[in-house]
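S.K.: Structure below; questions to follow.
The values are calculated or read from the model by the stated rules, or taken from the named source; none is laboratory data. No experiment lies behind these values; they were computed from the predicted model shown. Here Cβ is always computed from backbone atoms with ideal geometry, including for glycine, and neighbour counts include all displayed protein chains.
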Amino acid sequence: MIGPFGLACLDMAGTTVRDDGAVEAAFDEALAAAGVTPGSPRDDAAHRFVRETMGWSKADVFAELLDHEEAARATERFAAAYEAIVATGKVEPIPGAPGVLRDLRARGVRVCLTTGFAPSTRDALLDALGWWGEVDLALSPADVGRGRPAPDLVLGAMARLGIEDPGAVVVVGDTVSDLEAGTAARARAVVGVLTGAHDRAALAEAPHTAILADITGLPALLEHSEPASPGHVDRN
């Protein structure tokens, strides 16, 4: 273990996996498939909501934006569109992320990758990256009940990996909903990274214990810092 930490719940796209606009491109295709006219006021409003809710279950996002049939259609199209992007072979890790996964596990910290993607999309990413052997677990909202900002992904990882104390958990993500989920789970450390959807200003408004430039700073943070209590907001 690194200090008190026995479990790291790490987001995928934007935190450990480079996004490069792939999520928004897949949303574009999904919204168009559901009948939302590109460039229309409805489309503009939908895209604002998508950006605000990055990190949510994609099914939950579409359920908020569309009627039941449209949402189901859009959810399926999003998964197909993102998986098609993955199949091009252009998916890459955030620089340094594989080393972080190995470092954490070598020092006794179990690693769970968490995501708002459907299981099929998550698994396509893991296949493309060759990461099945680099993590202990990977979870989607469908596996645990609710997506972010609910704490279910973190609590599900704890239950499956035998971690009873949230004081042994660090949650890392690039979105406000990642930080809200970690705080709701009462994780000891709730860490934002600046490699994804939300900038420092947005992350600073959410409860957190630290904000890092990228995931590579995590091992040193865990080793040398005493995290603040969950719910603390560091505005420095």
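S.K.: Restricting attention to segment 78-95, and to residues there that are in a loop (DSSP other than H, G, I, E, B) and surrounded by 15 or more Cβ atoms within 10 Å (Cβ to Cβ), which single residue is modelled with the highest pLDDT? Show your work before the answer.
M.R.: Taking segment 78-95 as the starting set, the residues that turn out to be in a loop (DSSP other than H, G, I, E, B) are 88-92, 94-95.
Pick out the ones that are also surrounded by 15 or more Cβ atoms within 10 Å (Cβ to Cβ) and you get 91, 94.
Numbers: V91: 83, I94: 94.
Out of the qualifying residues, it is I94.
Per-residue answers, yes or no, for (1) closer than 16 Å to L218 by Cβ; (2) touching a His at 6+ places or on another chain (Cβ under 7 Å); (3) modelled with pLDDT under 95:
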| position | (1), (2), (3) |
| --- | --- |
| L137 | no, no, no |
| A142 | no, no, yes |
| G145 | no, no, yes |
| R148 | no, no, yes |
| D152 | no, no, no |
| V169 | yes, no, no |
| L179 | yes, yes, no |
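S.K.: Continuing with this model, one more query. Across segment 145-174, what is the total count of residues that are more than 23 Å from P207 (Cα to Cα), without any contact (Cβ under 8 Å) to a residue 60 or more places away in the chain and in a helix (DSSP H, G or I)?
M.R.: Counting residues in segment 145-174 that are more than 23 Å from P207 (Cα to Cα), without any contact (Cβ under 8 Å) to a residue 60 or more places away in the chain and in a helix (DSSP H, G or I) gives 2.
S.K.: Anything in segment 140-173 that is of a type in the set (D, E, K, R) and crowded, with 19+ Cβ neighbours inside 10 Å? List them, or say none.
M.R.: Going residue by residue through segment 140-173, those that are of a type in the set (D, E, K, R) are 143, 146, 148, 152, 160, 164-165.
Those that are of a type in the set (D, E, K, R) and crowded, with 19+ Cβ neighbours inside 10 Å: R148, D152.
Condition check ((1) in contact (Cβ under 8 Å) with a residue 12 or more places away in the chain; (2) assigned by TED's automatic domain parsing to the domain that holds P166; (3) of a type in the set (K, R)) across all residues:
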| site | (1), (2), (3) |
| --- | --- |
| L66 | yes, no, no |
| A71 | yes, no, no |
| R110 | yes, yes, yes |
| R122 | yes, yes, yes |
| L125 | yes, yes, no |
| D143 | yes, yes, no |
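S.K.: Something else about it: If you go through segment 139-189 one residue at a time, how many are touching a strand residue (DSSP E or B) at 6+ places or on another chain (Cβ under 6 Å), aliphatic (A, V, I, L, M) and closer than 20 Å to V61 by Cβ?
M.R.: 5
S.K.: Output the residues belonging to segment 1-27 that are assigned to a strand (DSSP E or B) and of a type outside the set (F, W, Y).
M.R.: I2, L7, A8, C9, L10, D11, A13, V17
S.K.: Looking only at residues that are in contact with a His (Cβ under 9 Å, 6 or more places away or on another chain) and under 21 Å from G3 (Cβ atoms) in segment 190-224, which one is surrounded by the most Cβ atoms within 10 Å (Cβ to Cβ)?
M.R.: Taking segment 190-224 as the starting set, the residues that turn out to be in contact with a His (Cβ under 9 Å, 6 or more places away or on another chain) are 190-192, 206-209.
From what's left, under 21 Å from G3 (Cβ atoms): 190-192, 207-209.
Working: V190: 32, V191: 27, G192: 29, P207: 18, H208: 28, T209: 26.
By that ranking, first place goes to V190.
S.K.: Moving on. If I filter segment 192-226 down to residues being over 16 Å from the mean Cα position of the chain (by Cα), among the acidic types (D, E) and outside any helix (DSSP H, G or I), which single residue comes out as nearest to G14 (Cα to Cα)?
M.R.: E205
S.K.: Kindly indicate whether any position in segment 64-77 is in contact with a strand residue (DSSP E or B) (Cβ under 9 Å, 6 or more places away or on another chain) and surrounded by fewer than 22 Cβ atoms within 10 Å (Cβ to Cβ). Reasoning before the result, please.
M.R.: So in segment 64-77, the residues in contact with a strand residue (DSSP E or B) (Cβ under 9 Å, 6 or more places away or on another chain) come out as 64.
Adding the requirement that they be surrounded by fewer than 22 Cβ atoms within 10 Å (Cβ to Cβ) leaves 64.
For segment 64-77, residues in contact with a strand residue (DSSP E or B) (Cβ under 9 Å, 6 or more places away or on another chain) and surrounded by fewer than 22 Cβ atoms within 10 Å (Cβ to Cβ): present.
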